């Protein structure tokens, strides 16, 4: 009979790290099969994350059991709840922090360490896996020895090639055998709502029961050391708040701390109990120097709805702190600006456009206001036609500040391109750092001589996890209602989503669908968008009831049923962020290779994997690709699977991290 491991992971608002942790756990499971371990069960306790962690885990790991808290559990409570849900018959409980990446053989080595200990000593042991810093490689978490005088001073134990006995442990990677778990029970519920103490208490209780706690050989994975100063030392907070933090979840909640002190402090436990409060009050009275957070101005120009998740991520940063300067666009010529309040401080002003009535920004809203607010850094788009950005560039050259970060496609070459090409090179080389959307832009920047440590690729994307959460909530009734609202039957729907202007070449999609319908293929084309080209396109399609116009839609709840019913997204012209949007809904794309002006997102499309990419942008080539998709169900399913896999690699987290890294680097 195979042995069973149940992993318990507590998480909160670290979606990408949690997913990476679970992926590493999945990868390490193969190595334990030879030790008689079957499939590994997973219990994830999400303590009320607001970044879509629970939904993302449920999608990516459908076999995992997800328990959702309300934000009051903290680590001790989340682990207590997760361990209580482990079936009693499970052979091992694996404690696993959500910011750990396990080595491929980590689980096998932990089990082997337990098995050898059991064979040599006649009883099992709790095996702790040491972690190492992912950058320096130095040990970060693991086991510890208790101080001889002060019972609550612990010295870390360095991992060796042999198991080492410990008194205490960090709960990042811990393998607890069934018999030992039965003797000790789970984590004491007194630690619900407490961030620390629970893992140390568990190890000290094990020692008191005669159960060995051993640090396994070597390290079992990576985990960066998280050592922020305690909140009562934060000089940005009021004194009353700092002192109150002493009793908070990251400090010494009296109920939990008194239980811990009585249990492990010996006869002098009242002394050890009171000392942290005395020391903490003194530290609160003399906090760490309060440094003013660095301020960053985001010259956004026009904030479209898809930018809001990125801004929401940047809003989580307390140092630096971001302010967005933006304004409205021009109907039919530019992206449509969101009317909702942004999740971070914002200044709404007026964009100036030129030539008069055109769609290019001549002066980004708030450029001068942002400069006068004396930010440490300005983040702006890489647009040579924007005089506001040149003003910031000039200030950087003349007075040394603010630092300038540029973001965009970076379709720039080392020479050529006339005056515009020369201006683009001048602007890019004068930035303190660049944030290209894709690898092609990064290569172009390197070719200009921009140093690699000044290049931060953002991987331009939509909020994949957020879109998937919306899709999961979508009902069959909503799909039926959407079909009815747009006059669609049960025929396959081909979808175009975007602004309607000449470079999108929507007339090719109309002509291709009309050709298919004339040949007897059952399908409809739904065009979602608005723009200066709409009257002309409606006139072209006026005699075909299978071609429908839905107008512009930006709310994800409105877009979700349209994407969900689509067989494919059709973009005959230049492809941009719609690629990420389509793949987030697991919808393949049909686009043409030979179209000028593709954005860097075109690189997400792989012919035969997640898209069909005819070489020529012609009615016949487009119709042929669409016909294949309509007639070959296996092809449709393969492309949908490829779209889903591509979306797994996308999302706004990379852009958030790249932006923060670039700002901090300069």
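The values are calculated or read from the model by the stated rules, or taken from the named source; none is laboratory data. Computed from a predicted structure; not experimentally measured. Methodologically, a virtual Cβ is constructed for each residue, glycine included, from the backbone with ideal geometry; neighbour enumeration extends over all protein chains shown.
Some notes on this structure:
- Restricting attention to the stretch 399-414, the residues that are out of contact with any helix residue (DSSP H, G or I) (no Cβ under 6 Å at 6 or more places or on another chain) and either assigned to a strand (DSSP E or B) or surrounded by fewer than 21 Cβ atoms within 10 Å (Cβ to Cβ) (or both) add up to 9.
- Just one of (1) free of Cβ contacts under 8 Å to residues at least 24 places away in the same chain; (2) touching a helix residue (DSSP H, G or I) at 6+ places or on another chain (Cβ under 8 Å) fails for residue 274. It is (2).
- Residue count for the stretch 548-563 under the criterion of being without any contact (Cβ under 8 Å) to a residue 24 or more places away in the chain and over 25 Å from the mean Cα position of the chain (by Cα): the result is 2.
- Test: residue in the stretch 605-613 that is crowded, with 21+ Cβ neighbours inside 10 Å, modelled with pLDDT under 95 and in the same structural domain as residue 498 (by TED's automatic domain parsing): no
- Whether a residue is within 25 Å of the chain's Cα centre (by Cα) and either surrounded by 18 or more Cβ atoms within 10 Å (Cβ to Cβ) or not assigned by TED's automatic domain parsing to the domain that holds residue 248 (or both) was assessed, and residue 108 does not pass this test.
- Meets criteria (crowded, with 22+ Cβ neighbours inside 10 Å and either out of contact with any strand residue (DSSP E or B) (no Cβ under 7 Å at 6 or more places or on another chain) or farther than 30 Å from residue 384 by Cβ (or both)) for residue 273: no
- Strands (runs of 3 or more DSSP E) wholly inside the stretch 531-591 containing at least 3 residues that are touching a helix residue (DSSP H, G or I) at 6+ places or on another chain (Cβ under 9 Å), at pLDDT 95 or above and crowded, with 19+ Cβ neighbours inside 10 Å: 566-571, 589-591
- Only a single criterion out of (1) crowded, with 16+ Cβ neighbours inside 10 Å; (2) closer than 17 Å to residue 379 by Cβ; (3) under 31 Å from the mean Cα position of the chain (by Cα) is not satisfied by residue 396, namely (3).
- Selection count where residues are modelled with pLDDT under 80 and over 29 Å from the mean Cα position of the chain (by Cα), scope the stretch 218-236: 1
- The stretch 211-228, residues that are in a loop (DSSP other than H, G, I, E, B) and either closer than 16 Å to residue 156 by Cβ or touching a helix residue (DSSP H, G or I) at 6+ places or on another chain (Cβ under 9 Å) (or both): 211, 223, 224, 225, 226, 227
- If the condition is being out of contact with any strand residue (DSSP E or B) (no Cβ under 6 Å at 6 or more places or on another chain), crowded, with 19+ Cβ neighbours inside 10 Å and more than 12 Å from residue 382 (Cα to Cα), then the stretch 421-446 contributes 438, 444.
- For residue 312, the conditions (1) surrounded by 17 or more Cβ atoms within 10 Å (Cβ to Cβ); (2) in the same structural domain as residue 236 (by TED's automatic domain parsing) are fulfilled apart from (2).
- Residue ranges of strands (runs of 3 or more DSSP E) in the stretch 298-398 with at least 1 members free of Cβ contacts under 8 Å to residues at least 40 places away in the same chain and in contact with a helix residue (DSSP H, G or I) (Cβ under 9 Å, 6 or more places away or on another chain): 321-326, 346-348, 361-363
- Qualifying residue in the stretch 189-203 (condition: surrounded by fewer than 20 Cβ atoms within 10 Å (Cβ to Cβ), assigned to a helix (DSSP H, G or I) and touching a residue at least 12 places away in the same chain (Cβ under 8 Å)): yes
- Looking only at the stretch 154-176, and only at residues there that are surrounded by fewer than 23 Cβ atoms within 10 Å (Cβ to Cβ) and under 34 Å from the mean Cα position of the chain (by Cα), the one that is nearest to residue 203 (Cα to Cα): 171
- Flag if residue 647 is in a helix (DSSP H, G or I), at pLDDT 95 or above and touching a helix residue (DSSP H, G or I) at 6+ places or on another chain (Cβ under 7 Å): no
- The residues of the stretch 2-28 that are part of a strand (DSSP E or B) and within 21 Å of residue 199 (Cα to Cα), listed by number, are 5, 6, 7, 8, 9, 10, 11.
- Set 288, 333: member being exposed (fewer than 15 other Cβ atoms within 10 Å of the Cβ) and more than 26 Å from the chain's Cα centre (by Cα): 288
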